[in-house]
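What follows is a single structure, written as structure tokens, with notes after it.
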Amino acid sequence: MTHPYPPEPFRIKVVESIRLISPAERESALKEAGYNLFSMKAEDMFIDLLTDSGTGAMSQEQWAAIMRGDESYAGARSFHRLKTAVEDVFGFKHFAPTHQGRAAENILAACLVKPGQWVPSNMHFDTTDANIRARGGRPANLVIDEAHDPENRHPFKGNMDIAKLKAFIAKYGREQIPLGMITVTNNAGGGQPVSMENLKAVADLYHQNGIPFFIDAARYAENCYFIKQREPGYEQKSVKEIAREMFALADGMTMSAKKDAIVNIGGLICMNDDTLFQNVQNELILREGFPTYGGLAGRDLDAMAVGLYEGLDEDYLSYRIGQTAYLAKQLNDAGIPTIQPTGGHGVYVNAGAIFPHIPNYEFPAQALAIELYREGGIRGVEIGSVMFACLDPEDNTWHYPKLELLRLAIPRRTYTQSHLDYVAESLARIKSRASQIRGYKYTYAPELLRHFTARFEPL
Ligand code: F0G
């Protein structure tokens, strides 16, 4: 019998205790937080799948690198070690560290985006979207239609719709599009990869029109691993070679290193253009810090330099992607629908399908998030009407998202397979009593970024 998942390619040297508090304690913790999992204490979580960002476990090599951190203000050894790694992995002419991904996005938008201009992508992550809007720009999401169908098994559901992009560029032109982007993997669409073929077509279109092409590279290694697994012609290439091929297509990138560089804090901005880099450095000094540390400590730069290689390790990636697929399979076998095919960094549970009796204005995905905490002390994140429903100012009606999802993001190298079995069992128990579960209503809801601070009460 083949093993149902690749065993963890590491053993455990340091542990952090976690504790499942009693059902009564969980109930009162929920009530006190106004049934909002963002408002709860991490110590009251048994298994925390809120995000895979900055929540991974660093290796002994990374902790050893931390001790070598050089805290010199300018030109630190740590910077040069990171520079060597970044040049080797990504191959751009210029780079600067930032404190996390959104800082890189902020700087890029400050340097390139003018009010009224458009920035297309497959799907912008919400911080990228907000950073473009903060400069008066307008983000546009041009992902293929298959991305919106949770059952569709397209192998590269993160792909850009090339026809839509062509029409978009024809409509707005170079003057109104200061840069074009693509997010790998597509987090907002379920952690779905983009194919190399699609990346090439996107790069060609941008370049034929003189538009600089930037990649949001937060989960690039997972994307490259999927290319190796699924795209003809890439089976024999190393993930690192695939990454070099991918970044050679672009003019630059922004990256949250809290994902595939397996660090707890950090980001990167890279580009080839000399003048743009001068402007980026000036912005960086204003907002982040001197260009050789960019808002991080020297030790953080060293941890990132090591983590970049660990994130590309193919034994690690096989375990990582296998772990996510394993959790999804356990859920699907129990009759719990998830976005297909399973993405890289998390499992996106279709809460709307589990609770067909809860209307979207009573928040089925929020109800599932709350129920999963109640059942097993597990925290996921609602990606549904709490996060995305918006009141249209023109006709004063509510617009709801197409899907009601609960994302279970898997921190890197942090939880074992038995933790994931426990998650699947908890969800299966909820499924068996699904018809008894009711929705929620707001007792407080701010106008912007509601999901972080809203309060609820059960119906
Ligand atoms: N781009 C993508 C695709 C992301 O998923 C994130 C963060 C960012 C940019 C911003 O990076 O957090 O370092 O500033 N995603 C996290 C998540 C928060 O939970 O998916 P950051």
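The values are calculated or read from the model by the stated rules, or taken from the named source; none is laboratory data. Fair warning: this is a prediction, and the values are worked out from it, not measured in the lab. Heads up, the Cβs are rebuilt from the backbone with ideal geometry, glycines too, and the neighbour counts pull from every protein chain shown.
In the set (1) out of contact with any Phe, Trp or Tyr (no Cβ under 6 Å at 6 or more places or on another chain); (2) in a loop (DSSP other than H, G, I, E, B), the condition left unmet by Tyr5 is number (1). When Gly335 is tested against the conditions (1) on the phi > 0 side of the Ramachandran plot; (2) surrounded by fewer than 18 Cβ atoms within 10 Å (Cβ to Cβ); (3) within 16 Å of the ligand (Cβ to nearest atom), the lone failure is (3). Is segment 384-407 home to any residue that is in contact with a Ser or Thr (Cβ under 9 Å, 6 or more places away or on another chain) and closer than 23 Å to Glu43 by Cα? Yes, because at least one residue in segment 384-407 is in contact with a Ser or Thr (Cβ under 9 Å, 6 or more places away or on another chain) and closer than 23 Å to Glu43 by Cα. The residue list Gly311, Gly294 contains one member that is crowded, with 23+ Cβ neighbours inside 10 Å, under 19 Å from Lys93 (Cα atoms) and not hydrophobic (A, V, I, L, M, F, W, C), which is Gly294.
Helices (runs of 4 or more DSSP H) wholly in segment 54-142 with at least 3 residues that are over 17 Å from Leu268 (Cα atoms) - which ones? Steps first, please.
Working: elements: 60-67, 77-89, 101-112, 126-134.
Because the criterion is at least 3 residues that are over 17 Å from Leu268 (Cα atoms), the helices (runs of 4 or more DSSP H) in segment 54-142 that meet it are 60-67, 126-134.
When you scan segment 38-45, do you find a residue that is free of Cβ contacts under 8 Å to residues at least 40 places away in the same chain, assigned by TED's automatic domain parsing to the domain that holds Thr416 and either of a type outside the set (Asp, Glu) or within 15 Å of the ligand (Cβ to nearest atom) (or both), even just one? Don't jump to the end; show me each part of the working.
In the first step, residues of segment 38-45 are kept if they are free of Cβ contacts under 8 Å to residues at least 40 places away in the same chain; the result is 41-43.
Filter again for assigned by TED's automatic domain parsing to the domain that holds Thr416, leaving 41-43.
With the extra rule that they be either of a type outside the set (Asp, Glu) or within 15 Å of the ligand (Cβ to nearest atom) (or both), the set shrinks to 41-42.
Scanning segment 38-45 turns up at least one residue that is free of Cβ contacts under 8 Å to residues at least 40 places away in the same chain, assigned by TED's automatic domain parsing to the domain that holds Thr416 and either of a type outside the set (Asp, Glu) or within 15 Å of the ligand (Cβ to nearest atom) (or both).
Just one of Lys157, Lys166 is assigned to a loop (DSSP other than H, G, I, E, B) and either out of contact with any Pro (no Cβ under 6 Å at 6 or more places or on another chain) or within 12 Å of the ligand (Cβ to nearest atom) (or both); which is it? Every option except Lys157 fails the conditions. The helices (runs of 4 or more DSSP H) found entirely in segment 274-351 that carry 1 or more residues being touching a helix residue (DSSP H, G or I) at 6+ places or on another chain (Cβ under 8 Å) and under 19 Å from Gly56 (Cα atoms) are 298-310, 314-333.
Inclusion of Phe214 among residues that are in contact with a Ser or Thr (Cβ under 8 Å, 6 or more places away or on another chain), at pLDDT 95 or above and either within 11 Å of the ligand (Cβ to nearest atom) or part of a loop (DSSP other than H, G, I, E, B) (or both) is not warranted. Would you confirm whether or not segment 189-198 contains a residue that is of a type in the set (A, V, I, L, M, F, W, C) and either part of a strand (DSSP E or B) or crowded, with 24+ Cβ neighbours inside 10 Å (or both)? Yes, because at least one residue in segment 189-198 is of a type in the set (A, V, I, L, M, F, W, C) and either part of a strand (DSSP E or B) or crowded, with 24+ Cβ neighbours inside 10 Å (or both). Annotation: Lys402 fulfils all but one of (1) away from the ligand (no atom under 16 Å from the Cβ); (2) among the basic types (Lys, Arg); (3) buried (at least 18 other Cβ atoms within 10 Å of the Cβ); the unmet one is (3).
Could you tell me how many of the residues in segment 230-260 are farther than 19 Å from Ala203 by Cβ and within 16 Å of the ligand (Cβ to nearest atom)?
Taking segment 230-260 and keeping what is farther than 19 Å from Ala203 by Cβ, we get 230, 232, 235-236, 238-240, 256-260.
With the extra rule that they be within 16 Å of the ligand (Cβ to nearest atom), the set shrinks to 256-260.
Of the residues in segment 230-260, 5 are farther than 19 Å from Ala203 by Cβ and within 16 Å of the ligand (Cβ to nearest atom).
Table: residues versus (1) within 19 Å of the chain's Cα centre (by Cα); (2) in the same structural domain as Asn350 (by TED's automatic domain parsing); (3) of a type outside the set (Gly, Ala, Ser); (4) modelled with pLDDT of 95 or more.
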{"position": "Gln100", "(1), (2), (3), (4)": "yes, no, yes, yes"}
{"position": "Asn106", "(1), (2), (3), (4)": "yes, no, yes, yes"}
{"position": "Gly137", "(1), (2), (3), (4)": "no, no, no, yes"}
{"position": "Ala140", "(1), (2), (3), (4)": "yes, no, no, yes"}
{"position": "Glu146", "(1), (2), (3), (4)": "no, no, yes, yes"}
{"position": "Arg153", "(1), (2), (3), (4)": "no, no, yes, yes"}
{"position": "Lys157", "(1), (2), (3), (4)": "yes, no, yes, yes"}
{"position": "Lys171", "(1), (2), (3), (4)": "no, no, yes, yes"}
{"position": "Pro178", "(1), (2), (3), (4)": "no, no, yes, yes"}
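Under the condition of being within 13 Å of the ligand (Cβ to nearest atom) and under 12 Å from Phe90 (Cβ atoms), the residues counted in segment 261-280 number 3.
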